[in-house]
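Please treat every number below as a calculation from the coordinates, not as lab data. Not measured: the values here are computed from a predicted model. Note that we place each Cβ from the backbone using ideal geometry, even for glycine, and neighbour counts take in every protein chain shown.
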Amino acid sequence: MIEIRHKMYLKSILSILLLSLSMHGMAQISVKGSIADQRGNGVAYANVYLEGSYDGTTSDSAGYFEMLTYETGEQILAVSCIGFELFSMELLLGPADTLLRISLKEKVSELNEVSITAGVFSASDKKKSVTLNAMDISTTPSAVGDIYGAFATLPGSQKVGEEGMLFVRGGEASETKTYMDGMLVRSPYFSSMPQIPTRGRFSPLLFSETVFSTGGYSAEYGDALSSIVDLTTSGLEPDDKASVSLMTVGASASFSKRWENSSLAATGLFASNALHHRIFKQNVDWIKDPVLGDGMVMFRQKLGETGLLKTFCSFNAQTMEMNYDHFEAGTIDRIRIRNRNLYANTTYTGTLSEKWLIRTGISFGRDLEDITYAGQPVLTTQNSGSGKLVLTHLTRDNLKIRWGTDVNWENYLLDGSTDGSDVVHMNDIQPSLFVEPEWKINEKLAIRAGARAEYSSILESGSVLPRLSAAYKTGKFSQVSLAWGKFRQKPVNEILMFAPGLQSARADHYILNYQYKRQLRTFRIETYYKKYDDLVKYRVPYSSDPRDYSNAGYGYAGGVDVFWRDRRTIKGADYWISYSYLNTKRDHRDYPLSVMPDYASAHNLSVVYKHFISPISTYLGTTYSYASGRPYDNKNDPAFMSGRTISYHDVSLNLTYLTRIFHRDCILHMNVTNLLGFDHVFGYLYSETPGEDGKYASKAIVPTTGRQAILVFIMML
Amino acid sequence: MKPTAVMLLFLTLAAMTGQAQERDYEGAMLNAITMMNSVSGIEETVRCANMFERIARAEKDKWLPYYYSAYSLIVLSYEVGDLQERDEILDIAQGLLDSALYRAPEESELHVLQAFLYPSRILVDPTARGMSYVEKMFKTLETAKKYNPDNPRIYFLEGVNLLNMPPSFGGGAEVAKPVLELAAKKFDAFHTDDPLWPTWGEEETRIELEKIENAVTQEAG
């Protein structure tokens, strides 16, 4: 009896269960549809899912998806895909299938999209557009570890071997300004004797990113007619490291220490050319071979989530003395140069809020150049300082606006007497303001427009300068860029001190370029035109009569630069070819008419090849440089600047051998310049007085030595 | 008996009116891991990685689903020829790994996975990235050691990378052998109750040690 009732209970329970099961309909329903971007193109590999459940699927190459789920009722459907904002919507899942059409909003990021490239060579490890980084510079043979020497192998630069400074697209060396972390560096080159090339003060190994702009640069920079070099120092040191190095030109030691959120790095260098000059005979008469002492400290501190504080400080002291063959005057003059230079800057980058980024800094520099020329002492003291503030407003996803202001202060003191009676003192404060919106109209087109207002207190004048650049992506790996802008630069101090009433020189740039970059290969062709006005003219050089000076000079520079870099075709090798054609004329200084200036050459070619030879753990690098003849003024020829020097050819080589000694990583590096011993003639000097035959004697300006080599040994401790 | 049966009925009904499907974390993960071991090619691997990512999003406190999501993409990246694509895949993998690290910053396996990611980046741009990523990799392995010095995969990665580095950089078979032997020992000693725990590296360690042995006997013979 009891069993039968029990069975009936069970039966009713079971039937109720079955009934409720069928009411719930434990069947799968399908949620399907398509996923597209704002332009209607299908988005592949998007992850479509119901929040809180594992159910979901991946969209196919056309953006179609179909997922099956047991879920019912109110659900939230989400779609996540890289490059897009997270999408979510409320859904009511019923018994029937659900069909959806979903549109994803793009997340505009720095990495993918088109970027302004006209006139700019930008290099960093972050961006995939690596053109030149610290390793590149250190391993470019003709550069001999000099940043500016390495830039000289890029298109747009001219070979001016006796100066060692950067000459860009027909502009003088002073038309290129150097910045470090966005702060102006007044004296980026070491001091040097006449006709002896100088080099940059800073080691390329300090910088993680180098931007070399050959024109049309951002409104952030001013007071430079031709180009900008902006060096970004590296961030936090990754590790504790120490190393010592021994060279044929000196010795150095460096160490770095890393804490959790900060790091400190310091380097000391002592360099002397004494040994080098004994081995490689110089054709100049050194009384005291150049000696240099250099110390550098870098401190980094992470502040908060995104803030970084960077402090850089370098001090160097140089001494050198020679008997200078002053050919023009027919005398031998004893020149002694003693230079002390201090440069320090502190910068902070961070985010103020979700929409505001800040970049700010201050810098200070002091340079004391003590020259004794044929017994006459001249002491030049330059104090400089700057403060800068740049705020970037991320107004919208595709629009960001940079607001900035900076103040550059310069104090110049020239004391050419022993009793303080002949002193030139100049003070200049240059405030400026700029605004530069950058608008990514879509993934193919970007425009950057800017305006810069700058003022110089010593010139008592200011100007408002427009800048414009745009880039259009012509294909997945290629783009076209253009740039236009107006630029001004005040006359150099050596001229301004005689003629303080002079105005700034002006230049208008027009640049167009095409770039193709894919899989470690880069091709670039750029054409430009620069129009110069208000260049400084003087009746005679070094005249102290201000009436001898004017801004009546003018000129133009136009040309084509071609660049090809390939790090893929030859396994283990990296090479680049850079060619520049330059057509330039100007009427400046004491020129009687408009001609091609003596530091310009029509054709410049650099071929750089580097290869890591694995079996012998050696990096091999070689550079071939060519420049067509440079103009010079032959005093014996009535036509001005009609002479042309021989063409310039140079082959340089470097070898870097990696090994381990006493369980420590060691590097042995040798750099040979002018390996094939070509004759180099940079120009000619003419004597001031004619000889008995009425002709002026001449002397070729040549390098101080022919083939030379430097040997460096580094040991990591 | 009667009340119990009615209670059973109510309980069953209550369960069914709630979620239609209980989330079976272990079941879903085992499924996905099986799928991961059988996929090939970009499309299939991304589907698998997305599957793990969905589990990760649903289980707010678990790092393992994100781990496998990133792991499957990193393994894929080593096989991708197109360098731009490789970098893009690794960007996605890094994002997933970062999410995992956010949930479990002191988990040794995650730091090992990070160290596994770095070498794949190098091939995209060897001259620019070689030195810095090798440094990063060894430093990350040190971090992994700090959190669990018995994790065998640390020594496997260390050994296999030393093996492939030229002797002048501090690598080579002689240096790698003791590290791989240590890895093999640690694999033998490694024991976990979690059926979802990563197991890769053991077979590969054995293969690499065999290769070294064969090379030695070839030289001797």
Worksheet entry | Inter-chain Cβ neighbour average for residues A:684-691, partner chain, 10 Å | 0
Discussion item. I'd like the Karplus ³J(HN,Hα) series for region A:620-625: coefficients 6.51, -1.76, 1.60, θ = phi - 60°, whole numbers in Hz, and an x wherever there's a Gly or Pro.
Written reply: 10, x, 9, 10, 10, 10
Practice prompt. Provide the per-residue ³J(HN,Hα) series for region A:596-611, in order, calculated from phi with Karplus coefficients 6.51, -1.76, 1.60 and θ = phi - 60°, each as a whole number of Hz, with x at glycine and proline positions.
Written response: 6, x, 6, 9, 9, 9, 5, 10, 10, 9, 10, 10, 10, 10, 10, 8
Worksheet item: Other chains near A:562-572: what is the mean number of their Cβ atoms within 10 Å of each residue's Cβ?
Response: 1
Response to the item:
With R₀ set to 41 angstrom, the calculated FRET efficiency between the beta-carbons of A:ASP590 and A:ARG278, to the nearest 0.05, is 0.50
Fill in: Between helix B:83-103 and chain B: long-axis angle, C-alpha atoms, 0 to 90°, nearest 10
60
Discussion item. Taking a virtual spin label 7 Å from the Cα of A:ALA27 along the C-beta vector, which residues in region A:56-70 bring their backbone nitrogen under 14 Å of it?
Written reply: A:69-70
Worksheet item: By count of other Cβ within 10 Å, fewest leading, how are A:GLU460, A:GLU85, A:GLU175 ordered?
Response: A:GLU460, A:GLU85, A:GLU175
Fill in: Selection from A:LEU308, A:HIS326, A:MET298 lying farthest towards where the dipole of region A:288-344 points positive, charges on Cβ
A:LEU308
Worksheet item: Against the longest principal axis of chain A, how steep is helix A:2-24, in degrees 0 to 90 to the nearest 10, with axes from Cα atoms?
Response: 40
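Any idea what the dipole of region A:22-103 comes to, in debye rounded to 20, about its Cα centre with Lys/Arg Cβ at +1 and Asp/Glu Cβ at -1?
Roughly 220 debye, rounded to the nearest 20.
Quick one: putting +1 on the C-beta of Lys and Arg, -1 on the C-beta of Asp and Glu, what dipole do you get for region A:514-585 around its Cα centre, in Debye to the nearest 20?
520
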Fill in: Relative packing of peptides A:38-50, A:199-211 - highest average C-beta neighbours within 10 Å first
A:199-211, A:38-50
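Return the average number of partner chain Cβ atoms within 10 angstrom of each residue Cβ along peptide B:51-63.
Values: counts 6, 1, 5, 14, 4, 1, 9, 8, 2, 1, 0, 0, 0.
Mean number of neighbouring Cβ atoms from other chains: 4.
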Worksheet item: Relative contact order of region A:22-103: what whole-number percent is it, with Cα pairs under 8 angstrom and at least 6 residues apart?
Response: 35
Worksheet, complete the sentence: For chain A, percent of DSSP beta bridges that are antiparallel (nearest 5) comes out at 95
Response to the item:
For region A:22-103, the charge dipole (Cβ of Lys, Arg +1; Cβ of Asp, Glu -1; about the Cα centre) points to a positive end, and the Cα of A:ILE76, A:LEU99, A:GLY56 closest to that extreme belongs to A:LEU99
Worksheet item: What is chain A by shape, rounded, prolate or oblate, if you read a ≥ b ≥ c off the alpha carbon gyration tensor as root eigenvalues and call it rounded for a/c under 1.5, prolate for a/b larger than b/c, and oblate otherwise?
Response: prolate
Worksheet entry | Among B:LEU117, B:THR140, B:TYR67 the positive-end extreme of the charge dipole of chain B (Cβ point charges) | B:TYR67
Worksheet entry | Cα centre as origin, Lys/Arg/Asp/Glu Cβ charges: region A:120-716 dipole, Debye | 2540
